[in-house]
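Here is the structure we will look at, set down as structure tokens.
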Amino acid sequence: MSKPGYIKRRGSTVPFGYKLSEVDGWFAPVSNELDILFKYLTQLKNKKVSLRDASSLVEQESGRKISHVALKKYLEKPLWEVFPDHFQKNEDGSFIMGSNGKPRKKGGRPKGSKSSYTYSAEHRRKLELRKKKTKVQKAKKYLKDKERKLNKEEELLKKVTSESKEGKIVTEEELKETTPSVVESLSNAHVLFHPNEGPQTDFLAAGEKDVLYGGAAGGGKSFAMLVDPLRYCHKKAHRALILRRSMPELRELIDKSRELYPQAFPGSKFREVEKIWNFPSGAKIEFGFLERDADVYRYQGQSYSWIGFDEITHLPTEFSWNYLASRLRTTDSDIETYLRCTANPGGVGSHWVKKRYIDAAPINTSFKGNDGLTRKFIPAKLIDNPYLAKDGAYEVMLKSLPPTQRKQLLEGNWDVAEGAAFTELI
């Protein structure tokens, strides 16, 4: 006996929608294939698709071929005779007839069918074109991203191989975005400056508005003070101000800048009278001094996007530093404004510097001052500068100092004899 849906085997060819079964002499139905066949035979009956299109679509969905001739033979019979299970029946097995005198189809979408089963050939063509357009758009986006990345890599290589208004400063973000081969090329190039690991790197990467890099002598603070304002020297609106207590104290910083700046930004020019560096982009770095509190009024009406004071404990009060903070502004939204200072413990201003930066929060911790500015204190030690610490000669010199100076300059201790650094020499 046969099972429901099985058909008697009449030859060696297995009809579409059926497969060989365990029952000898019978083919077993493949429900998914029969549903697909029924779907497209219905569309053929309703003249929504051609025989050849239906044949192709059946093959696409089922993965099994059926010729348009075979489909035509199916059309010669009523669908309810070929697919009785797709029509409504009474309890006695007879068909439930509709108002047109034909058996009623079962409701709902045939099993295995998709929402596109009623689409016309024209609409399917539109859907196909839409898919192709999407692929083209994705390909364009890929090529655009690839071109942008290649341009960045080219600019990166130009920075270290030719003169450019952008200068020769390469950021960590740029290195992360480029390819390993470009990073390898840059590693073989002459590196003008690479920050020491630890506090010097932390200082140059700090995002707080007002940062003190202070502690022991020889930690690389002054050099970091020269490098940090270069971060925006490829921007025309950038203007930086580097200060010391007196003009003679500026001489060493200026001399170091003569070695560094023209190599970092080829074409940079120093105007000796005004003590100002002019960069190819139009950016400026100015050197100045504050021997008296009243000297800050020389900068009245000026605007700076970066202000730094080397050895800020030489200022007796914080009046000058607070006044200079009011000069911190820029018209370029891409430029972040910063206050940066360095110091060794001791000096006439040690008390207010310690209160402003060190006592307010743990070291290397960002905090907000009463004036609303974000701050951080980054301590420095001699060991942080491998170029000075390597042979130990500078350390021996610092150890030979009187106890108070030794603790301040070698250990970076802010708690010893504040304001009395030289009592041993009296």
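The values are calculated or read from the model by the stated rules, or taken from the named source; none is laboratory data. Since the structure is predicted, the reported quantities are computational estimates derived from the model, not experimental observations. No Cβ is skipped: glycine too gets one built from the backbone with ideal geometry, and neighbour counts run over all protein chains shown.
Brief remarks on what is shown
- Looking at Lys73, Lys48, Lys39, Lys19, just one residue is in contact with a Pro (Cβ under 6 Å, 6 or more places away or on another chain) and in the same structural domain as Asp85 (by TED's automatic domain parsing), and that residue is Lys39.
- Any hit, the range 383-399, residues being within 23 Å of His314 (Cα to Cα), touching a helix residue (DSSP H, G or I) at 6+ places or on another chain (Cβ under 9 Å), in a loop (DSSP other than H, G, I, E, B) and modelled with pLDDT of 60 or more: no
- Every residue from the range 85-99 that is without any contact (Cβ under 8 Å) to a residue 24 or more places away in the chain and either at positive phi or in contact with a helix residue (DSSP H, G or I) (Cβ under 9 Å, 6 or more places away or on another chain) (or both): Phe87, Gly93, Phe95
- Selection from the range 198-225 of residues that are touching a strand residue (DSSP E or B) at 6+ places or on another chain (Cβ under 7 Å), closer than 22 Å to Ala325 by Cβ and of a type in the set (A, V, I, L, M): Ala206, Val211, Leu212, Ala224, Met225
- Qualifying positions in the range 277-328 - of a type in the set (A, V, I, L, M) and under 19 Å from His238 (Cα atoms): Ala283, Ile285, Ile307, Leu324, Ala325, Leu328
- Some residue of the range 70-79 being modelled with pLDDT of 85 or more and among the hydroxyl-bearing types (Ser, Thr, Tyr): no
Quick grid of which residues meet (1) touching a helix residue (DSSP H, G or I) at 6+ places or on another chain (Cβ under 9 Å); (2) among the polar types (S, T, N, Q); (3) surrounded by 16 or more Cβ atoms within 10 Å (Cβ to Cβ):
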| position | (1), (2), (3) |
| --- | --- |
| Leu212 | yes, no, yes |
| Lys221 | yes, no, yes |
| Leu243 | yes, no, yes |
| Ser257 | yes, yes, yes |
| Ala264 | yes, no, yes |
| Glu274 | no, no, no |
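- Note on the range 329-369: residues that are under 26 Å from Arg239 (Cα atoms), of a type in the set (Gly, Ala, Ser) and in contact with an Asp or Glu (Cβ under 9 Å, 6 or more places away or on another chain) amount to 3.
- Residue in the range 357-379 that is assigned by TED's automatic domain parsing to the domain that holds Val227, surrounded by 15 or more Cβ atoms within 10 Å (Cβ to Cβ), among the polar types (S, T, N, Q) and touching a Ser or Thr at 6+ places or on another chain (Cβ under 8 Å) present: no
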